[in-house]
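Q: Take this structure, written in structure tokens, and hold onto it; I'll ask about it next.
Quick note: the coordinates plus some simple rules give every number you see, no bench work behind them. This is a predicted model, so every value here is computed, not measured. All Cβ positions, glycine included, derive from the backbone under ideal geometry; neighbour counts span all protein chains shown.
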Amino acid sequence: MDFDTVLRRRRMHRAFSTEPVGLADVVALCEAAFRAPSAGFTQGTELVIITKPERIQAILTLITTEGWLEASRTHRGLRQSQVLILPIVNKPAYLSRYAEADKVRSDLSNEHKWPQPYWIVDASFATMQLLLKVVDLGLGATFMGIYHGHDDLAELLEIPAGMDPLGIVCIGHPSDEAPTGSPSRRERREVATRIHFERW
């Protein structure tokens, strides 16, 4: 798909059909995520892939408040997710990388010296590239934060200590045609109102 078309079509889909997502597409999504830049070429972002329907349902229930998924048609559609991908932030990998000989002079082996936590920045880059590849493959996805059950989720997925899920990407074949969520209620800001040349 043409890159500008991918950008314009990218949005958060919150309702999916029951059509399965093929393994080749899942692998392509992972490969796209792993092509994202990373500080010091640390390559610290990991991905946990969930495809078993019972685990998908258990995780969606775990990370949401009771009744939230059934509260509206939009939320209910997430139950049809065919794949969940969790980008995992690996802070220890970055602190270790910046203690290596070619990086030690940067004095960034201490997490408090970083002006921004690049382990989160890089996981966000990877997630965005994954979301763009979703569009390129003709799939749909939404990104969900983990507001509930964080520790239980980490235990369920056996995520090592020091690593942290950035969120969850729910993926499937989209069944919702009209925009949902905030874009259905708010106009897109004009580009000119968001650009500041030379100064604010």
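Q: Write out the GluC sites (Glu not before Pro) in region 63-159 meeting two conditions: DSSP loop, and at most 16 other Cβ atoms within 10 Å of their Cβ.
A: Numbers: sites: Glu66, Glu70, Glu100, Glu111, Glu155, Glu158; in loops: Glu66, Glu70, Glu100, Glu158.
Those satisfying the criteria are Glu66, Glu70, Glu100, Glu158.
Q: Additional query: For His196 and Ser17 in the same chain, what is the full-extension length gain: residue separation times 0.36 nm, less their Cα-Cα distance, in nm?
A: On the way: separation 179, 0.36 × 179 = 64.44 nm, distance 4.19 nm.
Computed gain between His196 and Ser17 is 60.3 nm.
Q: A further question on this structure: For the chain, what is the calculated [θ] at 222 nm in deg cm²/dmol (nearest 500), taking -39500 (n - 2.57) for each run of four or more DSSP H residues and dividing by its residue count?
A: On the way: 7 runs with 66 residues, N = 200.
My calculation for the chain gives -9500 deg cm²/dmol from helical runs alone.
Q: Answer rounded, prolate or oblate for the chain, using the Cα gyration tensor with square roots of eigenvalues a ≥ b ≥ c: rounded when a/c is under 1.5, else prolate when a/b is larger than b/c, else oblate. Don't skip to the end; give the middle numbers.
A: Values: a/c = 1.77, a/b = 1.29, b/c = 1.38.
Verdict is oblate for the chain.
Q: Each residue of region 161-166 in turn: what ³J(HN,Hα) in whole Hz from Karplus with 6.51, -1.76, 1.60 and θ = phi - 60°, glycine and Pro shown as x?
A: Going residue by residue, I get 4, x, 10, 9, x, 6 Hz, with x marking Gly and Pro.
Q: Sticking with this structure for a sec: Would you list, by chain and number, the lysines whose Cα falls below 26 Å from the Cα of Lys91, excluding same-chain residues fewer than 8 positions away?
A: Within the straight-line limit of under 26 Å, Lys91 reaches these lysines: Lys103, Lys113, Lys133.
Q: Provide the packing ranking of 85-97, 26-38, i.e. peptides ordered by the mean count of other C-beta atoms within 10 Å per residue, highest first. Provide the component values of the computation, followed by the final result.
A: Details: 85-97: 20.7, 26-38: 17.2.
So the order, starting with the most tightly packed, is 85-97, 26-38.
Q: Taking a ≥ b ≥ c as the square roots of the Cα gyration tensor eigenvalues, with a/c under 1.5 meaning rounded and otherwise prolate when a/b beats b/c, else oblate, which class fits region 18-69? Write out the running numbers ahead of the final one.
A: On the way: a/c = 3.38, a/b = 1.62, b/c = 2.09.
Taking the square roots of the gyration eigenvalues as a ≥ b ≥ c, region 18-69 is oblate.
Q: Hey, another quick one. Top mean-square fluctuation among His150, His13, His112, Gaussian network model of the chain, C-alpha springs under 10 Å?
A: Taking springs between Cα atoms under 10 Å, the residue moving most is His112.
Q: Working from Cα positions, state the angle (0 to 90°, nearest 10) between the long axis of helix 118-136 and the longest principal axis of the chain.
A: The answer is roughly 40 degrees.
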